[in-house]
1. Check whether at least one residue in segment 83-91 is within 30 Å of GLU116 (Cβ to Cβ), among the aromatic types (Phe, Trp, Tyr), touching a strand residue (DSSP E or B) at 6+ places or on another chain (Cβ under 6 Å) and surrounded by 12 or more Cβ atoms within 10 Å (Cβ to Cβ), and report yes or no.
2. Within segment 138-152, does at least one residue satisfy the condition of being farther than 24 Å from THR67 by Cα and not hydroxyl-bearing (Ser, Thr, Tyr)?
3. Which residues, taken from segment 138-156, are among the aromatic types (Phe, Trp, Tyr) and closer than 17 Å to ASN51 by Cβ?
4. Provide a single number: the residues in segment 87-99 that are under 25 Å from TYR150 (Cβ atoms) and without any contact (Cβ under 8 Å) to a residue 40 or more places away in the chain.
5. Return the pairs, sorted by first residue and then second, in which the second residue is not in a strand (DSSP E or B), the first residue lies in segment 114-142 and is of a type in the set (Gly, Ala, Ser), the beta carbons are less than 7 Å apart, and the residues are 6+ apart or on different chains.
6. SER129 - would you say it is under 30 Å from LYS41 (Cα atoms) and small (Gly, Ala, Ser)?
7. Could we say that ASN112 is outside any helix (DSSP H, G or I) and either surrounded by 15 or more Cβ atoms within 10 Å (Cβ to Cβ) or of a type outside the set (Gly, Ala, Ser) (or both) here?
8. Tell me which of these ASN32 doesn't satisfy, since it passes every other one: (1) farther than 27 Å from PHE145 by Cβ; (2) at pLDDT 90 or above; (3) under 26 Å from the mean Cα position of the chain (by Cα).
Amino acid sequence: MFKKGQMEIMGLAVIVVLLALAMFFVVAFKSNGPESTSVQKTYSDKELATNFIVTLIDTHIGCEKLTIDDLIHDCAVDNKIYCQGEKSCEFLDDSINLLLDETLKKWGVKYNLTIEETTEPLTFVNDCSAYDETRVVGFQPIPLFPDRAYNAIIKLKICKS
């Protein structure tokens, strides 16, 4: 009889310890909620910026078999390629605008995309001014070698929503 009572008390003690651990984890995760969410949002925005740029420059946009990378190179060096009756810089402007409207803008992302070191600097903005707080910036250099000794740079700045 005495051993049966001891077993019941040990069982209750185990249950109390498990409940205390569960409460500890609940309180710990509740207090870190906004901070960990902020870290997750920053990480996901950084991944979005980087992956979007990499995907963007490898995209074929209806100009023979040329990618956006090829058109940026031409826009920075010669501006000799014509696509659907437009020079490469004009065609890039229209095409990237359309791609951004169908992706980041539709997803509600505030952004500022710039392509620097081209004959005509290209800038695309969606509710993201110079005064907005930047969450992340992704960038990708586009080599212009052998025509130029520098790189064109595409930057995507994602602002806090």
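1. Among the residues of segment 83-91, at least one is within 30 Å of GLU116 (Cβ to Cβ), among the aromatic types (Phe, Trp, Tyr), touching a strand residue (DSSP E or B) at 6+ places or on another chain (Cβ under 6 Å) and surrounded by 12 or more Cβ atoms within 10 Å (Cβ to Cβ), which makes the answer yes.
2. No, every residue in segment 138-152 fails to be farther than 24 Å from THR67 by Cα and not hydroxyl-bearing (Ser, Thr, Tyr).
3. Selection gives PHE139 alone.
4. 8
5. GLY138/LYS46; GLY138/ALA49; GLY138/THR50; GLY138/ILE53
6. The answer is yes for SER129.
7. yes
8. Against the list (1) farther than 27 Å from PHE145 by Cβ; (2) at pLDDT 90 or above; (3) under 26 Å from the mean Cα position of the chain (by Cα), ASN32 comes up short only on (2).
The values are calculated or read from the model by the stated rules, or taken from the named source; none is laboratory data. Everything quoted here is computed from the prediction, not taken from an experiment. So basically every Cβ, Gly included, is an ideal-geometry build from the backbone, and we count neighbours across all protein chains shown.
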